[in-house]
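**Q** Before anything else, here's the structure in question.
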Amino acid sequence: MKEKFYTIYQVAELLDMHHKTIRKFIADGKLGATKAGKQWRISDKDLSAFMENSNEKAEEKAYEMTEERLEGNTSSDFTAKGLPPKSEKPRISVSTVIDIDEIEKNQYMRISNTLIAAMNSKDSTFQNSTLHVKYYEEEGRLKILLWGPVKFTEEMLDIITMLSEPAREGESEE
């Protein structure tokens, strides 16, 4: 199977960061990359390793941001880590980016809080998993990044699908 490679600009867009930030991560050795001519290429493997490593450092920030949000601050960036591994790493890991357009703040909060609650559960499915949620209030757009075992991704996608579907006729929204 051929390994997939990304440009700095593709990684910047995927992670919703500036391309100069990605270049700094490469220069600092935080993100593995290979020089191809004059351009950098980031492998899927290096990107996954970067996401996993940065997740550990983001746990404290995530806690602080959740506290701020509970106090009324509308901070919309959240990263959480599943339970510490009880066994070895999963054989297959999946990374997924979900974009949801035309979403209101209350629906974003419902989705975000539910996903965070799932991540904080003691379910072994969520071990070695990463969740990153970013809401763009002015655009009414939600971006969710998932990284972890296939079962984790499947369950999170089911939750997102269920919570983002519009209410059917005859059903009322809470």
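**Q** What are the residue pairs meeting all of these: first residue in segment 128-149, first residue touching a residue at least 12 places away in the same chain (Cβ under 8 Å) and surrounded by fewer than 22 Cβ atoms within 10 Å (Cβ to Cβ), second residue of a type in the set (A, V, I, L, M, F, W, C) and part of a loop (DSSP other than H, G, I, E, B), Cβ atoms under 6 Å, and 6 or more apart or on different chains?
**A** Gly140/Ile103
**Q** Which of (1) in a helix (DSSP H, G or I); (2) at pLDDT 80 or above does Thr125 not meet, given it meets every other one?
**A** Here Thr125 meets the rest and fails (2).
**Q** If you don't mind, there's one more thing I want to ask. In segment 7-31, how many are part of a loop (DSSP other than H, G, I, E, B) and either in contact (Cβ under 8 Å) with a residue 12 or more places away in the chain or within 18 Å of the chain's Cα centre (by Cα) (or both)?
**A** 6
**Q** Same structure again: Do we find a residue being modelled with pLDDT under 75, among the charged types (D, E, K, R) and within 20 Å of Met17 (Cβ to Cβ) anywhere in segment 129-143?
**A** Checked against the condition, which is being modelled with pLDDT under 75, among the charged types (D, E, K, R) and within 20 Å of Met17 (Cβ to Cβ), segment 129-143 yields no hits at all.
**Q** Only one of these conditions is not met by Glu67: (1) within 25 Å of Glu138 (Cβ to Cβ); (2) in contact with a helix residue (DSSP H, G or I) (Cβ under 9 Å, 6 or more places away or on another chain); (3) at pLDDT below 85. Which number is it?
**A** So Glu67 meets the others, but not (2).
**Q** While we're on this one: At pLDDT 80 or above, assigned to a helix (DSSP H, G or I) and out of contact with any strand residue (DSSP E or B) (no Cβ under 6 Å at 6 or more places or on another chain) - does that describe any residue in segment 87-105?
**A** Yes, there is a match, as at least one residue in segment 87-105 is at pLDDT 80 or above, assigned to a helix (DSSP H, G or I) and out of contact with any strand residue (DSSP E or B) (no Cβ under 6 Å at 6 or more places or on another chain).
The values are calculated or read from the model by the stated rules, or taken from the named source; none is laboratory data. Predicted model only: the values in this text are computed from it and were never measured. Neighbour counts run over all protein chains shown; Cβ positions are idealised from the backbone, glycine included.
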